[in-house]
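Before any comments, here is the structure.
Each reported figure results from applying straightforward, stated rules to the coordinates on display, with no laboratory input. Predicted, not measured: the structure shown is a model, and the values here were computed from it. Cβ placement follows ideal geometry from the backbone for every residue including glycine, while neighbour counts extend to all protein chains displayed.
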Amino acid sequence: MAITKPKADNRPTEIIKRLKKEYPDARCSLNYSNPLELLVATILSAQCTDERVNKVTETLFRKYRTAADYASAPLQELEKDIRSTGFYRNKAKSIKGACAKIVEQFGGKVPRSMEELLTLPGVARKTANVVLGNAFGIASGVVVDTHVHRLAGRLGLSDKKQPEKIEEDLMQAFPKKEWILLPHLLIYHGRKVCKARGPLCGSCVLCDICPSCEAQGALKNVRLKLD
């Protein structure tokens, strides 16, 4: 079967279109009901699965309701509450420090700008982008986690190694209206198909426009899902 490839400059549009069709329910995998809960959950998600974080926060969010609750909590008690997420000492310090600053400088409310969020202890661009995009609907950038990092490289969207540089490339490649959804689509695809080990190129909806897929000779087995 002859395959007509989209023009190179149309690949981002084609990638988004196909992944939206493949994963219509793609969304943030962390459970939360307000910006503070998402901030805490995102800090806990470092080097931890979202599934584990959701199990921990199910109890944590009932115990700590406000930024002041976290800020005033004894450090060792908070460490115990989040221990199973790993790196719990650093995470507890970050949560307490961030919440203390939220109380002292932002009236107890999670700030709504990248500049302000980056002043919080333990908050870098990835966490700030997660909170701004998912809690506030503000497209300030693109979340770059391990899945997004891997897929950006395999799809030829970025050849950079630093998350900030990868984010810049993705922001240039995709329209701003897609910045919030894009990482969710890539994460879903990374977990299901484009895995770190043993990517399932033969069943990938992006295979015919993916340089890594073509390089592995999987193009002949591609299962296209086009309109």
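Given a 10 angstrom Cα cut-off, can you work out which residue in 98, 124, 67 is the most mobile in a GNM of the chain? Among 98, 124, 67, the largest GNM mean-square fluctuation belongs to 124.
Computed from phi, the 3J(HN,Hα) profile of the range 170-185 under the Karplus parametrisation 6.51, -1.76, 1.60 (θ = phi - 60°) reads 5, 5, 6, 7, 10, x, 4, 5, 9, 4, 6, 6, 3, x, 5, 5 Hz, with x in place of Gly and Pro. Please report how many Lys pairs in the range 35-135 have alpha carbons closer than 15 angstrom, counting only residues at least 8 apart along the chain or sitting on separate chains. Taking the range 35-135 as the scope, the lysine pair count is 10.
Exposure proxy ranking for 103, 148, based on other Cβ atoms within 10 angstrom of each Cβ and starting from the fewest, stands as 103, 148. Among 86-97, 167-178, the peptide with the highest mean count of other Cβ atoms within 10 Å heads the list, and the full ranking is 86-97, 167-178.
Think of each Lys and Arg Cβ as +1 and each Asp and Glu Cβ as -1; about the Cα centre, that makes the dipole of the range 35-135 roughly 140 debye. Relative contact order for the range 35-135: 31 percent, from Cα pairs under 8 Å spaced at least 6 residues apart, divided by residue count. Phi angles of the range 80-92 translate, via the Karplus equation with coefficients 6.51, -1.76, 1.60 and θ = phi - 60°, into HN-Hα couplings of 5, 5, 10, 3, 6, 7, x, 6, 5, 5, 5, 5, 5 Hz per residue; Gly and Pro are given as x. For residue 39, neighbours were defined as the other residues whose beta-carbon sits under 13 Å from its Cβ, and their charges (Lys and Arg +1, Asp and Glu -1) total +4. Bridging of residue 161 to aspartates and glutamates at a Cα separation below 18 Å is possible for 145, 169, once same-chain residues fewer than 8 apart are set aside.
Once you list every other residue whose beta carbon is under 14 Å from the beta carbon of residue 51, what net charge do they have if Lys and Arg are +1 and Asp and Glu are -1?
Numbers: positive: 52, 55, 191; negative: 50, 58.
Surrounding charge for residue 51 is +1.
Hull volume per residue, based on the alpha-carbon atoms of the chain and their convex hull, is 119 Å³. The Cα atoms of the range 35-135 give a gyration tensor whose axes a ≥ b ≥ c have a/c of 1.5 or more with a/b no greater than b/c, which makes the shape oblate.
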